[in-house]
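**Student:** I have a structure here, written as structure tokens, and I will follow up with some questions on it.
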């Protein structure tokens, strides 16, 4: 029996999932949340499929041990490679994310949209099926965002190097007539301003964070898992890295003034260390 007073578990390869956490907090302000950033193993986009599935399963198991009543895979790459595996064994609702090809296909006036995502997302069978479903209504230009997640994790959201990468990735889309850009990684909303500068505001940006929160709310309501009464809200931030950038971004984006718990979550593809959380100061 799941506890309606339990927290919502959210995880990502790093700090990108904070964009999803923000949407969940906005729609479900009475819910406790435990957020895990697997920054010690980021980025997932350059990892092989087995590694991504291994880490996703291990983090999902850890969140369930912490009492999570639902899991949100706030990472496009992990969703593409592992959400079906989590749904096979997890006894809780599991919500994934996916690039917003459907809204892009309806919003684009030119009928051409760009998709900026990790290499692992773009090569996944899940993405190929999504593309096949919507490409009759819109032509999609898919571009791996090599180097973008690493820059964002370092806190570089508008550096000259980042702008150069964006111009290289987005200029061909504009040349082909794209008027819409799908942000196919939860990290990318953090560089929306840089994207707009690089494109002269010529691309409408598609971010699906709000839709993810709505799906989560629907599933919790169906399972009678919404928090039953008002109580002091707790949002825990956890990281397998040093957590300093996660803490800084959470403070700036969500006004969360909390320390980040440092974790070691063992899995088959990483060193077999015991999970031992401890509070880490900035």
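The values are calculated or read from the model by the stated rules, or taken from the named source; none is laboratory data. This structure is a prediction, so every number in the text was calculated from the model and none was measured. Please note: Cβ atoms are built from the backbone with ideal geometry, for glycine as well, and neighbour counts cover all protein chains shown.
**Student:** Could you tell me which numbered condition residue 46 fails, if it satisfies all but one of (1) surrounded by fewer than 23 Cβ atoms within 10 Å (Cβ to Cβ); (2) in the same structural domain as residue 224 (by TED's automatic domain parsing); (3) assigned to a helix (DSSP H, G or I)?
**Tutor:** Status for residue 46: all satisfied but (3).
**Student:** What number of residues in segment 172-188 are in contact with a helix residue (DSSP H, G or I) (Cβ under 8 Å, 6 or more places away or on another chain), crowded, with 22+ Cβ neighbours inside 10 Å and assigned to a helix (DSSP H, G or I)?
**Tutor:** Of the residues in that region, 1 qualify.
**Student:** Identify, by number, the condition in (1) part of a strand (DSSP E or B); (2) at pLDDT 95 or above that residue 279 doesn't meet.
**Tutor:** Result: residue 279 fails condition (2) only.
**Student:** Looking at residue 161, is it surrounded by fewer than 21 Cβ atoms within 10 Å (Cβ to Cβ) and outside the structural domain of residue 252 (by TED's automatic domain parsing)?
**Tutor:** Considered against the rule, which asks whether it is surrounded by fewer than 21 Cβ atoms within 10 Å (Cβ to Cβ) and outside the structural domain of residue 252 (by TED's automatic domain parsing), residue 161 comes out as yes.
Table: residues versus (1) buried (at least 21 other Cβ atoms within 10 Å of the Cβ); (2) in contact with a helix residue (DSSP H, G or I) (Cβ under 8 Å, 6 or more places away or on another chain); (3) part of a strand (DSSP E or B); (4) not assigned by TED's automatic domain parsing to the domain that holds residue 247.
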{"residue": "136", "(1), (2), (3), (4)": "no, no, no, yes"}
{"residue": "143", "(1), (2), (3), (4)": "no, yes, yes, yes"}
{"residue": "146", "(1), (2), (3), (4)": "no, yes, no, yes"}
{"residue": "170", "(1), (2), (3), (4)": "yes, yes, no, yes"}
{"residue": "202", "(1), (2), (3), (4)": "no, yes, no, yes"}
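**Student:** Any chance segment 84-92 includes a residue that's free of Cβ contacts under 8 Å to residues at least 60 places away in the same chain, buried (at least 24 other Cβ atoms within 10 Å of the Cβ) and in the same structural domain as residue 18 (by TED's automatic domain parsing)?
**Tutor:** no
**Student:** I'd like to check something: does segment 225-241 contain any residue that is modelled with pLDDT under 95, surrounded by fewer than 16 Cβ atoms within 10 Å (Cβ to Cβ) and under 21 Å from residue 42 (Cα atoms)?
**Tutor:** no
**Student:** A further question follows. Out of all the residues in segment 63-90, which are part of a helix (DSSP H, G or I) and closer than 18 Å to residue 239 by Cβ?
**Tutor:** Listed by number, the residues that qualify are 63, 65, 77, 78.
**Student:** Here is a list: 114, 60. Which entry is outside any loop (DSSP other than H, G, I, E, B), farther than 16 Å from residue 14 by Cβ, touching a helix residue (DSSP H, G or I) at 6+ places or on another chain (Cβ under 8 Å) and not assigned by TED's automatic domain parsing to the domain that holds residue 163?
**Tutor:** Going through 114, 60 in turn, just one is outside any loop (DSSP other than H, G, I, E, B), farther than 16 Å from residue 14 by Cβ, touching a helix residue (DSSP H, G or I) at 6+ places or on another chain (Cβ under 8 Å) and not assigned by TED's automatic domain parsing to the domain that holds residue 163: 60.
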